[in-house]
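See below for the structure under consideration.
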Amino acid sequence: MDVLIAMGTTAAYFFSVYNAFFRPTAPGAMKELYFEASAVIITLIILGRYLETAAKGRTFEAIKKLMSLQAKTARVVRDGGELDIPIEDVVVGDMVVVRPGERVPVDGEIREGNSSIDESMLTGESLPVEKGPGDSIVGATINKFGTFKFEATKVGRDTALSQIIKMVEDAQGSKAPIQKIADRVSGVFVPAVIMIALATFAIWYFILGDFTSGLISAVAILVIACPCALGLATPTAIMVGTGKGAENGILIKGGEHLEMTSQLDIVVLDKTGTITKGEPQVTDLLSVGEMAEDEVLKLAAITEKGSEHPLGKAIYEKGVEKYGRIPDPQHFEALPGRGVMAELEGKEIYIGTRKLMGEEKVDLGDAERAAETMEAQGKTAMFMAVDGEIEAIIAVADTLKEGSKEAISELKSMGIEVYMLTGDNSRTAEAIAKKVGISNVMAQVLPDDKAREVEGLREQGKLTAMVGDGINDAPALASADIGIAMGTGTDIAMEAADITLMRGDLRAIPAAIHLSGKTMRKIKQNLFWAFIYNIIGIPFAALGLLNPMIAGGAMVFSSLSVVTNSLSLKRFEPYTHRLR
């Protein structure tokens, strides 16, 4: 971009040097000197660059705000006493003390004490969260009330806040596909302008016989055509757009993902933990065999003790609530997408789906009809078999996340198809889907098949986003055009995703799409402003109607208008889709 300015100012300067010292003039005649044109043009360029840098610095405010959240020191327990040390010196395994009103310095797990933690910087939720021994906490959150000790598990660049800052920095430095168009245009534009300037000079000098007017016109063309604004059009908008997203809990990994989000045709939503809270509770326990319900619950809680699945945890917690301590099974095995198996006191216990019961040759009998009734109410019915005989049906229900129905309705109003993907049976899936207004349901999908289902939608030529929160969603997130992870989910899901929603609120999905669309409109407006000055200015400069100094000022104004237009994005509120 500097080639055109360097050529124009150099030509004016050396022409003036030639006129001042080497070109003879008639006695008393004024010498044609253009030193001031070179000086003023360069001054205007430097002033413009300074203003640009000052304006662009404001696009990094999101990162500055995030960095300001970090604690500067930590109070650690060493050699039997408490010691304040710089946060950089905290190591994994340190026992850290946090008092009321202080920021949590690093990520960790509470070992002693209870407190209420303000996690609004992470989730956007204003209400404090109650924490106790065994609960994980995140650095930069604020301890509201109690004093507690926690063990540092992630420090330095590994903390959640550092990862967020890195993601925003990477996104702001990345290029959107539309930027590549601008780069290609610049590659052709600069040589074309040089050719136009040379042609203009040749016409003025060789045809019209006016060397001075030819030089001034050529210099004006080189200056007015400098494509600085073209180079600023995309990166400034992406910086502001991704920064605005970060302020609103929408972390976008790069410009490419930001651009693609505005073009989505399909959004696929995982059910558990995404549409629903992922905190199911046991609603029904029906004994259909010889065991009493109390005995069924105890065996089921022991069987599910080692389960990582939310449904299994709900059964285990129900058992803990009734019996207190639950013993370990002698053997436990998770059967992904189907259920679990455990051995206890010589008994072989299976809890899971119809498919699992079919694999184990268990006759369901009348239990099938009872399960169908529960599933029609939107509950997930699981069968429990002991030594090959059906003994009970356990129904578990999950509550819908606040805002799920509203978010899905908004996505549909934007012309986006919404699908629900779940491992649940069709009857339960349809009941949940009906509650939130989804008509496209993919049920009884095993974790390994989720990615295949997403690929199938992509093969229809539709731009597809997958939204999930669990480890089993990671392959589907990676295979989608845009993977969107709920920030309340697992680290693996967030690593595989292109966008992370820190609030875990589905309403952030339409907000991200609106932010993407607004950013893309700003980029297109910027490209328009970048070109309009050149298109209007070059003909005037070629005709000798544009002073090089005025051309320099116009070029600076072009760059500033682009940066200012990008900065206007800072007033955009993604959740309300309005400018402040």
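Multiply the residue gap between E359 and S136 by 0.36 nm, knock off their C-alpha separation, and tell me the result in nm, one decimal place.
76.4 nm
Farthest toward the dipole's positive end in segment 235-345, which of L299, A237, Q330, given Cβ charges of +1 (Lys, Arg) and -1 (Asp, Glu) about the Cα centre?
It is A237, whose Cα lies furthest towards the positive end.
Using a Förster distance of 60 angstrom, determine the FRET efficiency expected from the C-beta separation of T10 and D158, and round it to 0.05.
After rounding, the FRET efficiency stands at 0.70.
To the nearest 10 degrees, how steeply does helix 548-567 sit against the main Cα axis of the chain, on a 0 to 90 scale?
The angle comes out near 10 degrees.
Under a plain spin-label model, where a point goes 7 Å from the Cα along Cα-to-Cβ, how far apart in nm are E406 and N19?
So the label points at E406 and N19 sit 6.8 nm apart.
Would you mind counting up the charge near E389? Only other residues with Cβ under 9 Å from its Cβ, with Lys and Arg at +1 and Asp and Glu at -1.
Values: positive: none; negative: E290, D363, D387, E391.
Charge balance near E389 sits at -4.
Rounded to the nearest 20 debye, what is the charge dipole size of the chain about its Cα centre when +1 sits on each Lys and Arg Cβ and -1 on each Asp and Glu Cβ?
It works out to roughly 3620 debye.
Could you please report the charge total around R111, scoring K, R as +1 and D, E as -1 over all other residues with beta-carbon less than 12 angstrom from its beta-carbon?
-3
For the chain, what proportion of DSSP beta bridges, expressed in % and rounded to the nearest 5, is antiparallel?
75
Work out the charge dipole of the chain with +1 on the Cβ of Lys and Arg and -1 on the Cβ of Asp and Glu about the Cα centre, then indicate which of I224, I252, T274 is farthest towards its positive end.
Most positive-ward Cα: I224.
By per-residue mean of other Cβ atoms within 10 Å, what is the highest-first order of 473-484, 256-267, 366-377?
Sorting 473-484, 256-267, 366-377 by mean packing, highest first, produces 473-484, 256-267, 366-377.
Reachable lysines from K180, Cα under 22 Å, same-chain residues fewer than 8 places away excluded?
List returned: K56, K253, K518, K522, K524.
Run the numbers for S439 and E290: contour at 0.36 nm per residue of separation, minus the present Cα-Cα distance, in nm.
Full extension from S439 to E290 adds 49.6 nm.
What pairs in K405/K450; K154/K379; K131/K347; K131/K450; K401/K450 have C-alpha atoms more than 31 Å from each other?
K154/K379; K131/K347; K131/K450
Taking the Cα atoms only, what angle lies between the long axis of helix 177-202 and the longest principal axis of the chain, rounded to 10 degrees?
The angle comes out at about 10 degrees.
When ranked by the protection proxy of mean other Cβ atoms within 10 Å per residue, highest first, what sequence do the peptides 410-418, 201-209 form? List each step's numbers first, then the result.
Working: 410-418: 16.3, 201-209: 13.8.
Per-residue Cβ counts within 10 Å, averaged per peptide and sorted highest first, yield 410-418, 201-209.
Using the Cα centre of segment 330-461 as origin and beta-carbon charges of +1 (Lys, Arg) and -1 (Asp, Glu), tell me which of V362, Q444, Y419 is placed farthest towards the positive end of the dipole.
Y419
Given a 1.4 angstrom probe, what's the average accessible area per residue across the chain, in square angstrom?
On a per-residue basis, 46 Å².
Counting only helical runs of four or more DSSP H residues, what would the 222 nm mean residue ellipticity of the chain come to if each run contributes -39,500 (n - 2.57) and the total is spread over all its residues?
Per the formula, -15500 deg cm²/dmol.
Checking the table K361/K434; K313/K435; K318/K361; K166/K435; K72/K277; K144/K277 against a 31 Å threshold on Cα-Cα, which pairs fail? Spell out each step's value before the answer.
Numbers: K361/K434 33 Å; K313/K435 24 Å; K318/K361 28 Å; K166/K435 38 Å; K72/K277 35 Å; K144/K277 25 Å.
Violating the 31 Å Cα-Cα cut-off are K361/K434; K166/K435; K72/K277.
The values are calculated or read from the model by the stated rules, or taken from the named source; none is laboratory data. Remember, predicted model here, so these are calculated numbers, not experimental data. Cβ coordinates were reconstructed from backbone atoms using ideal geometry, including for glycine residues, and neighbour counts include every protein chain displayed. Heavy atoms of the whole protein, side chains included, go into the accessibility calculation; ligands, DNA and RNA do not. Shrake-Rupley method; radii C 1.70, N 1.55, O 1.52, S 1.80 Å.
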